[in-house]
1. Say we look at segment 320-354 and pick out the residues that are without any contact (Cβ under 8 Å) to a residue 40 or more places away in the chain and either crowded, with 16+ Cβ neighbours inside 10 Å or of a type in the set (F, W, Y) (or both); which of these is nearest to F78 (Cα to Cα)?
2. Does any residue in segment 155-181 that is closer than 16 Å to D70 by Cβ and open to solvent by less than 60 Å² (accessible area, probe 1.4 Å) come within less than 7 Å, Cβ to Cβ, of a residue that is of a type in the set (S, T, Y) and assigned to a strand (DSSP E or B) six or more places away or on a different chain, and which pairs are these?
3. Identify all residues within segment 262-274 that are modelled with pLDDT of 95 or more and open to solvent by 10 Å² or more (accessible area, probe 1.4 Å); write none if there are none.
4. Does D138 meet the test of being at pLDDT below 95, surrounded by fewer than 15 Cβ atoms within 10 Å (Cβ to Cβ), acidic (D, E) and farther than 30 Å from E188 by Cβ?
5. Can you give me the number of residues within segment 264-299 that are part of a strand (DSSP E or B) and not hydrophobic (A, V, I, L, M, F, W, C)?
6. Residues in segment 196-208: is at least one of a type in the set (G, A, S), modelled with pLDDT of 95 or more, in contact with a helix residue (DSSP H, G or I) (Cβ under 7 Å, 6 or more places away or on another chain) and assigned to a loop (DSSP other than H, G, I, E, B)?
7. Name the single residue, out of those in segment 77-130 being over 27 Å from P308 (Cβ atoms), charged (D, E, K, R) and part of a strand (DSSP E or B), that is farthest from the chain's Cα centre (by Cα).
8. Within segment 54-75, which residues are more than 24 Å from Q109 (Cβ to Cβ) and in contact (Cβ under 8 Å) with a residue 40 or more places away in the chain?
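The values are calculated or read from the model by the stated rules, or taken from the named source; none is laboratory data. The structure displayed is predicted, hence computed values, not measured ones. All Cβ positions, glycine included, derive from the backbone under ideal geometry; neighbour counts span all protein chains shown. Accessible surface areas use protein heavy atoms only, side chains included; no ligands, DNA or RNA. Shrake-Rupley method; radii C 1.70, N 1.55, O 1.52, S 1.80 Å.
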Amino acid sequence: MKRRTALSALVLPLLLAACTGTEEATPTLTLALLTDGGATLRTLVPGDDTSARPFTDVASKSVIGGVSVDTLPSGRRFALTLTGGIESRDAQLNAVAFAALPFTPCLRQTATSAARDRLLTLSECEGGPQRLALYREDGTLVWTALLPTFLPVMDPDAPPIRMAVIRDTLEGRDVAVVTRPRLGGGSEVLRAAPLNTGDAVAEVSVPLPVPAVRDLAPYGSQILAATDSGVQPLKTTGEPDAAAAIKAFGTDRYDRLWTGTAGSRTLVAAWAHNTTATGPLLLWDGVRATAATVTSFVSDLRDVTITPDGLLYTLSGTALTRYDTVYGLAQGNWRARTVLDTLNDARSVTWLLP
């Protein structure tokens, strides 16, 4: 009940803004930030929004092998993925380790479910196999899985390895989806899930060839895929469903996807990475006929987080910037504000309740 009350207090100003168009969404949430190539972890709280520095540091600690940060369901803690394991941290950066893995971890990336109550992580030591591990939000290990041998693709434009986790409500189990670049072009998709409830090891499907999938993101009961021809939900088999593509994004290529809940809506952000030209960051609210352009990046968009109080933060290697989705979607005025512009090799950002 406390969490619901806190969230309601945060969301109410956003709903007022959406209805009246007169209230500006201002920062109310703490931010967690991973910088210095994954070597420094920081938390920041909002201060005087009229000052040159609208956030101030709460805590800062050195870490080894930082990969990413992800908010946990309580909103008051976040998961820190390190190459050597996952930890739960609070705003003061106090750590509680997740359960140890039954193999030597070399974690590369972590994906959360739409409810943030499951965390899927990928381990791949140099020269070794790829392994998955699924955790509950409290750090309990649910299952692990060994993936079939992966042959690296040397094409610089090959799609990356991406993951997502979704709840199979019919069978009452969590299903992991992994897409990997495939020799000869495109991607291959694998699904991992336990055969029986309570199994500590999940079964992995035979790799299925599919068109190039460049990113995955949870969206309610679906998984969305960034493809070379738009944003498409995945079928139950793991294939992108071109017939059900989100029309608001058109048929352009997208390389990154992020989703987040602001007020009562789940927003979808999509970006086309381009090393030579500017690529727009688009935002869709599930209602608009056409996704709105927030801003543009050439090649250095590292992460995006969408907060419950209606703000969107973009993270490049050197800067953290804030946008107001309420005014942006309603009026086209995103009220862009640079939060930090002296970062060094920043990697990941997420939010925490105050």
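1. T321
2. Once the first residue is closer than 16 Å to D70 by Cβ and open to solvent by less than 60 Å² (accessible area, probe 1.4 Å) and sits in segment 155-181, its partners that are of a type in the set (S, T, Y) and assigned to a strand (DSSP E or B) give R162/T179.
3. Listed by number, the list holds a single entry, T266.
4. For D138, the condition - at pLDDT below 95, surrounded by fewer than 15 Cβ atoms within 10 Å (Cβ to Cβ), acidic (D, E) and farther than 30 Å from E188 by Cβ - is not met.
5. Number satisfying all stated conditions: 7.
6. There is no residue in segment 196-208 that is of a type in the set (G, A, S), modelled with pLDDT of 95 or more, in contact with a helix residue (DSSP H, G or I) (Cβ under 7 Å, 6 or more places away or on another chain) and assigned to a loop (DSSP other than H, G, I, E, B).
7. For segment 77-130, the residue satisfying everything is E124.
8. Listed by number, the residues that qualify are P54, F55.
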